[in-house]
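The values are calculated or read from the model by the stated rules, or taken from the named source; none is laboratory data. Please read these numbers as outputs of a predicted model, since none were measured by experiment. Here the Cβ positions follow ideal geometry from the backbone for every residue, glycine too, while neighbour counts run over all protein chains shown.
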Amino acid sequence: MDISYILNELGEERENYYNAVSPPIIQSSNFTFKTVNEFREALADEFKANLYSRGQNPTLNILRQKLAALDGAEDALVFSSGIAAITIPILALLKQGDHVVSVENPYSWTIKLFNNFLSKFGIATTFVNGTSVQEIQNAINPATKLIYLESPNTFSYDLQDMEAIAAIAKARGIITMADNSYCTPLYQKPIKMGIDLVAQSATKYIGGHSDVVAGVVTGCKALIKRIFEHEFMNTGASLSPHSAWLLIRGLRTLPLRLQRSFETTAKVIAWLKLQLQVDKILWPFDEDFKQAELAKKQMQGCGGLFSFTLKDSSLEKIETFCNGLQHILMAVSWGGHESLIIPSIAGIPVNEYDADNLRHQLIRMYVGLEAPDYLTDDLNRGFNNISF
Ligand SMILES: *Cc1c(COP(=O)(O)O)cnc(C)c1O
């Protein structure tokens, strides 16, 4: 399906709302029926009917159709956060005694889901280095029901060979799920590579303006219906119609914003490589990146998140550098208009800092929509504070 059609027309029935270009926010909790029979049919199958907005809502359904089509999936469900779009499908897929193989160090709350939450229900997880297909294969046992991927990772940028892993999983009847927040469907299509379920934090690039928290999962109709009927309806993590409307608006400019973020990132990285204070740079489309070949094979473009380290990785130098920035904001999240920085040390107790541990040294930057010079001037300000 043509991407311009998806973003501008798909799911929009303008003749039903005064031919308005922008869809209405159907801010209603419930929907009425003319006859008992219509009411009975809706109650019998909430997956099909506008009955109550914890389940279906017309504004959300416009968004769902667009997000499913972007992924090349049959259907999509939207949630009140990205982590709900990961947690709820996994709760739907697994039961006591099942086993998960997950990439190591996925998104922080995904780690907590596996370690602290699923473990309460007798579901065990093995974390493996996902850059090795062999390690994933070796971790599979007869109880394995799910292989969980996140490619690229949003701190280390580790990738997984999705086609190879999907083939291994399919041969054993194991479901695969991937967090595709980094690339969005514009730059990577896991479903086309054989992955069963694709989750995204829509808070990031889809929303794109740092003003809404939301998530999406896409997959085949049967899996989405299974997730909807029990765990989705029971946890009640549905998105508000107003937030759905903000995401529809975000989608209109997604290709432009993503391209801008990608191009500016390449420029900022080229500049950083010339700076004496910088040591390593991690970004999947960098020619020196260890999995650059796989990145070019399975990604059509690259996001604006990357990490770097300083030659002098003392706690003090990292702090002085970050504290000296004036325009690049220090905050969690990413995918909005504004460039951001987050040093790993912000999440590590001061006395636990290990200057020899790469994960501790990393400074993650997200490149937003500002002009490249505006960002490099600001980075330069930070570097001047720590020049040798
Ligand atoms: C932010 C993020 C999430 C969680 O999404 P929320 O919308 O914050 O709940 C999951 N995965 C990745 C890679 C993220 O960056």
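Numbers for the structure displayed
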read-out: Candidates Leu118, Leu70, Leu113, Leu10 - the one that is within 23 Å of the chain's Cα centre (by Cα) and part of a loop (DSSP other than H, G, I, E, B); value: Leu10
read-out: Residue in segment 314-321 that is outside any helix (DSSP H, G or I), touching a helix residue (DSSP H, G or I) at 6+ places or on another chain (Cβ under 9 Å) and modelled with pLDDT of 95 or more present; value: no
read-out: Inter-residue pairs, beta-carbon under 9 Å, first assigned by TED's automatic domain parsing to the domain that holds Val217 and in segment 175-188, second within 12 Å of the ligand (Cβ to nearest atom) and among the acidic types (Asp, Glu), 6+ apart; value: Ala178/Glu150; Asp179/Glu150; Asn180/Glu150; Ser181/Glu150; Tyr182/Glu150
read-out: Subset of segment 159-177 [farther than 21 Å from Asn141 by Cβ and either at pLDDT below 95 or within 16 Å of the ligand (Cβ to nearest atom) (or both)]; value: Leu159, Met162
read-out: Any hit, segment 24-39, residues being of a type outside the set (A, V, I, L, M, F, W, C), more than 17 Å from the chain's Cα centre (by Cα) and either buried (at least 17 other Cβ atoms within 10 Å of the Cβ) or within 16 Å of the ligand (Cβ to nearest atom) (or both); value: no
read-out: Hey, Ser261 surrounded by 18 or more Cβ atoms within 10 Å (Cβ to Cβ), of a type in the set (S, T, N, Q) and in contact with a Gly (Cβ under 7 Å, 6 or more places away or on another chain) or not; value: yes
read-out: Any hit, segment 179-186, residues being within 9 Å of the ligand (Cβ to nearest atom) and either farther than 18 Å from Thr110 by Cα or among the basic types (Lys, Arg) (or both); value: no
read-out: Subset of segment 220-272 that is outside any helix (DSSP H, G or I) and of a type outside the set (Ser, Thr, Tyr) - its residue that is nearest to Thr376 (Cα to Cα); value: Leu239
read-out: Residues of segment 188-205 that turn out to be away from the ligand (no atom under 16 Å from the Cβ) and more than 13 Å from the chain's Cα centre (by Cα), as a count; value: 5
read-out: Residue under evaluation Pro106, criteria (1) assigned to a helix (DSSP H, G or I); (2) within 11 Å of the ligand (Cβ to nearest atom), criterion not met; value: (1)
read-out: Residue match in segment 236-258 (condition: within 16 Å of the ligand (Cβ to nearest atom), under 15 Å from Gly82 (Cα atoms) and surrounded by fewer than 19 Cβ atoms within 10 Å (Cβ to Cβ)); value: yes
read-out: First in segment 207-221 and closer than 12 Å to Ser181 by Cα, second anywhere and in a strand (DSSP E or B), Cβ under 6 Å, 6 or more apart; value: Gly215/Phe79; Gly215/Ser201; Val216/Ala76; Val216/Val78; Val216/Gln200; Val217/Leu77; Val217/Leu197; Val217/Ala199
read-out: Boolean, Ala76 is more than 27 Å from Gln134 (Cα to Cα), more than 14 Å from the ligand (Cβ to nearest atom), in the same structural domain as Asn180 (by TED's automatic domain parsing) and under 16 Å from the mean Cα position of the chain (by Cα); value: yes
read-out: Unmet requirement for Cys220, which otherwise passes all of (1) closer than 13 Å to Asp71 by Cα; (2) touching a Leu at 6+ places or on another chain (Cβ under 6 Å); value: (2)
